[in-house]
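Before any comments, here is the structure.
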Amino acid sequence: MTDLRVVGGELMPPAPRKRRHLLSIADLDRDDVDRLLATASSFALSQQRENKKLPTLRNRFVINVFYENSTRTSSSFDLAAKRLSADTMTVKAAGSSVEKGESLRDTAQTLGAYGPDVIVIRHPEAGAAEFVARVTDAHVVNAGDGKHQHPTQALLDLYTMRQALGQLEGLQVAIVGDVLHSRVARSLVQALRLVGADVVLVGPPPLLVPELAPSTHDITAIGDADVVYVLRMQRERMLEGANFVPSLREYTARWGVTPERLRSGQRVMHPGPMNRGVEIDARVADSDASLVVDQVRSGLVVRMAVLYDLLTAGPVPVEAAVEVA
Ligand code: CP
């Protein structure tokens with residue numbers, strides 16, 4: 001008879017799988033980004049069919065909690081969950097008990113009591129998504145926390161750039177405008193570095209963050225870029241009375257992205273909402289160079305990929321999910 005030898009720890013139950021979140025681009029490595037973009041591509045194919053709905057996340061439950069206004073992020077997460085057959089619910093702070101003074105902890109735990117698989121949260125305070133991840137049992141996706149991070153925006157931007165320009169390595173990207181108050185810029189700079197693209201920040205010196213990436217006030221620097229990524233002035237995050245530029249008119253005159261400042265072949269992106277006639281000329285926004293509508297389309301399939309990835313624990317061939325529909 002063979003002796004049964006038990007090695008220490010072998011009879012222990014497997015450690016519970018770590019709950020995965022997407023709180024920051026810093027949570028991802030290059031393989032994660034490649035996997036998410038490949039998954040998004042597969043979902044994009046599924047969205048060309050007459051029946052766009054996949055059964056992949058049936059019986060899963062996604063709650064979107066928005067403490068700040070949103071058009072693109074809120075609608076695309078909602079649609080992404082629906083296209084994957086998950087149950088979905090959106091709670092906006094306006095009109096909720098937040099207006100009666102309910103704390104983030106109490107709101108998160110209240111919604112957590114419904115047993116969501118995923119909570120998608122946008123909040124004006126940096127760190128809010130991480131806090132929700134600590135006080136609930138859900139997977140948490142950061143849909144924007146203050147001026148800290150907006151990781152799914154950065155992923156959809158990478159996806160859009162790759163679709164339009166072929167490859168990300170070596171791409172030159174100029175981010176123009178109010179970098180100081182921008183979670184989009186912070187996430188995007190990290191994401192571009194991860195995939196080997198080069199970034200320069202362009203704008204009024206008080207609105208630049210030189211620790212983030214090479215910076216210049218000289219708008220002609222956009223001439224070297226393959227992609228000119230335009231940011232709006234985020235006045236909702238500026239302290240009252242703070243004066244970063246003498247006037248919006250002067251901002252537009254010195255840093256507005258106009259057809260005259262672009263060269264042929266360059267592509268222009270903007271996370272939205274755009275202030276036409278301020279940071280971006282309407283002729284640019286509506287031109288063939290603009291990828292703004294592509295960014296919105298990418299948002300749907302990238303957010304489908306993020307939900308799928310969090311709930312399936314990683315690199316499961318997405319073709320399998322697409323085929324069974
Ligand atoms: N880019 C972005 O986050 O847009 P919304 O504020 O409309 O979601």
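The values are calculated or read from the model by the stated rules, or taken from the named source; none is laboratory data. Predicted model, so just to flag it, every value in this text is computed and none were measured. Note that we place each Cβ from the backbone using ideal geometry, even for glycine, and neighbour counts take in every protein chain shown. Surface areas here come from the heavy atoms of the whole protein model, side chains and all, with no ligands, DNA or RNA. Shrake-Rupley method; radii C 1.70, N 1.55, O 1.52, S 1.80 Å.
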Listed by chain and number, the aspartates and glutamates with an alpha carbon less than 14 angstrom from that of residue 52, same-chain partners under 8 positions apart left out, are 323
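What percentage of all Cα-Cα pairs in the chain are separated by more than 33 Å? Don't skip to the end; give the middle numbers.
Values: 15815 of 52650 pairs.
The proportion of pairs with Cα distances above 33 Å equals 30 percent.
Highest mean first, what order results for 173-181, 276-284, 224-232 on Cβ atoms within 10 Å?
Working: 173-181: 24.9, 276-284: 18.2, 224-232: 22.1.
Put in order of decreasing packing, that is 173-181, 224-232, 276-284.
Per residue, how much accessible area does the chain show when a 1.4 Å probe rolls over the protein heavy atoms, in square angstrom? Numbers along the way, then the final one.
Numbers: 15620 Å² over 325 residues.
That works out to 48 Å² for each residue.
Over 25 Å, how big is the tail of the calculated P(r) for segment 152-275, in percent of all Cα pairs?
On the way: 1333 of 7626 pairs.
In whole percent, the long-distance tail amounts to 17.
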Pseudo-spin-label distance residue 247 to residue 52, built 7 Å along Cα→Cβ, given in nm, is 4.4
Any aspartates and glutamates whose Cα falls less than 16 Å from that of residue 92, other than same-chain ones fewer than 8 residues away, would be 68, 78, 102, 106, 125, 145
Percent relative contact order for segment 207-292, counting Cα pairs under 8 Å at least six residues apart, stands at 34
Per the charge dipole of the chain (beta-carbon charges, Lys/Arg positive, Asp/Glu negative, Cα centre), the residue among 28, 165, 45 reaching farthest to the positive end is 45
For residue 65, the residues 5 or more places away or on another chain with a placed amide H closer than 5 Å to its own amide H are 91, 120, 121, 122
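For the chain, which DSSP H helices look membrane-span-like by this rule: Cα extent along the axis of 20 Å or more and mean Kyte-Doolittle of at least 0.0? Don't jump to the answer; show the numbers that get you there.
On the way: long enough: 30-46 (24 Å, 0.07); 151-165 (21 Å, 0.09); 292-312 (30 Å, 1.02).
Sorted by number, the helices that extend far enough and score high enough are 30-46, 151-165, 292-312.
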Note: residue 31 to residue 167 extended length (0.36 nm per residue) minus current alpha-carbon separation gives 47.4 nm
Simple SL model, points at 7 angstrom along Cα→Cβ for residue 236 and residue 137; separation in nm is 3.3
Farthest towards the positive end of the dipole of the chain, among 252, 93, 209 and with Cβ unit charges of +1 on Lys and Arg and -1 on Asp and Glu, lies the Cα of 93
A chain fully extended from residue 85 to residue 38 at 0.36 nm per residue, minus the present Cα-Cα distance, gains in nm 14.9 nm
Quick note, segment 114-158: a/c under 1.5 would make it rounded; otherwise a/b > b/c is prolate and the rest oblate (a ≥ b ≥ c, C-alpha gyration tensor); here it is oblate
Taking a crude spin-label model, label points 7 Å out from Cα along the C-beta direction, the residue 105 to residue 263 distance in nm is 5.6
A 1.4 Å probe over the protein heavy atoms gives segment 181-319 a carbon and sulfur accessible-area percentage of 53
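Taking Cα pairs under 8 Å and at least six residues apart, what relative contact order does segment 37-100 come out at, in percent?
Numbers: 68 pairs, mean separation 23.4, N = 64.
Relative contact order, segment 37-100: 37 percent.
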Expressed as a whole-number percentage, the relative contact order of the chain with C-alpha contacts under 8 angstrom and at least six residues apart is 20
What helix-only [θ] at 222 nm does the chain give? Using -39500 (n - 2.57) per DSSP H run of at least 4, over all residues, to the nearest 500, the answer is -10500 deg cm²/dmol
